[in-house]
Amino acid sequence: MKYLVIYSSRTGNTEKIAMEIFEALPGNSKDIQRVEEQSGEADTYFVGFWNDKGICGGEIMEFLEGLHGKQVAIFGTCGMGEDPEYCRQVSKRVEALIPEDNRYLGSFLCSGKMVPQVLERYRMMQRQKDSPRIRQMIQSCEEAMLHPDSRDLANARMFVEEIIGETGVF
């Protein structure tokens, strides 16, 4: 198999991006699977995750650490996805999990709605002690409720097209 899209999705955000990436991949030699159901091998992997405190969850960590001699791109959704610096930090942490004998192709992160309990927790924090940081976290969480949106999906598709165009990975 040429391409395999592997992902973990807690709220459905990463699954939406995974589906868009899968649709953007050329040809018929491709598959899409949840990480817990993963089977089979591919030449090129697109590995998706939801941001869990600044990095991917354990299942994705284990999956990435087990890849060898492959081409690997990562993608994910993040409640603070409108902050480019934060997304770069998350991408770097996840990229660091990929063994060096793989060819790293790049990353794509976008905003994704968080579970309602997160917003409630931030609001409780604000009631206890308000600060600019807590207000920013609340604002980011509220803005994320509308994501991933059509722009995020289009950007995911462009991410795939750029990788295929730049690397010659067909």
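The values are calculated or read from the model by the stated rules, or taken from the named source; none is laboratory data. From a predicted model like this one, the values you see are computed outputs, not experimental measurements. Cβ atoms come from the backbone with ideal geometry, glycine included; neighbour counts cover every protein chain shown.
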Out of (1) surrounded by 15 or more Cβ atoms within 10 Å (Cβ to Cβ); (2) modelled with pLDDT of 85 or more; (3) of a type in the set (Asp, Glu), what's the single condition that is false for residue 100?
(1)
When residues of the stretch 89-110 are filtered for being closer than 20 Å to residue 21 by Cα and basic (Lys, Arg), how many remain?
1
Residue that is surrounded by the fewest Cβ atoms within 10 Å (Cβ to Cβ), among those in the stretch 56-94 that are closer than 17 Å to residue 14 by Cβ and of a type in the set (Asp, Glu)
62
Considering residues of the stretch 141-170 that are among the small types (Gly, Ala, Ser) and in contact with a strand residue (DSSP E or B) (Cβ under 8 Å, 6 or more places away or on another chain) only, the residue modelled with the lowest pLDDT
144
Test set (1) surrounded by 12 or more Cβ atoms within 10 Å (Cβ to Cβ); (2) within 17 Å of the chain's Cα centre (by Cα); (3) charged (D, E, K, R) - residue 53 fails condition number
(1)
Can you list residue pairs whose Cβ atoms sit under 6 Å apart, with the first residue in the stretch 43-65 being under 16 Å from residue 114 (Cβ atoms) and the second being assigned to a loop (DSSP other than H, G, I, E, B)? Count only pairs 6 or more apart in sequence or on different chains.
49/8; 49/56; 50/10; 57/8
Any residue in the stretch 16-40 that is under 13 Å from residue 164 (Cβ atoms) sitting within a Cβ distance under 7 Å of a residue that is of a type in the set (A, V, I, L, M) and assigned to a helix (DSSP H, G or I)? List the pairs, counting only those 6 or more apart or interchain.
21/156; 21/160; 24/160; 25/160; 26/164
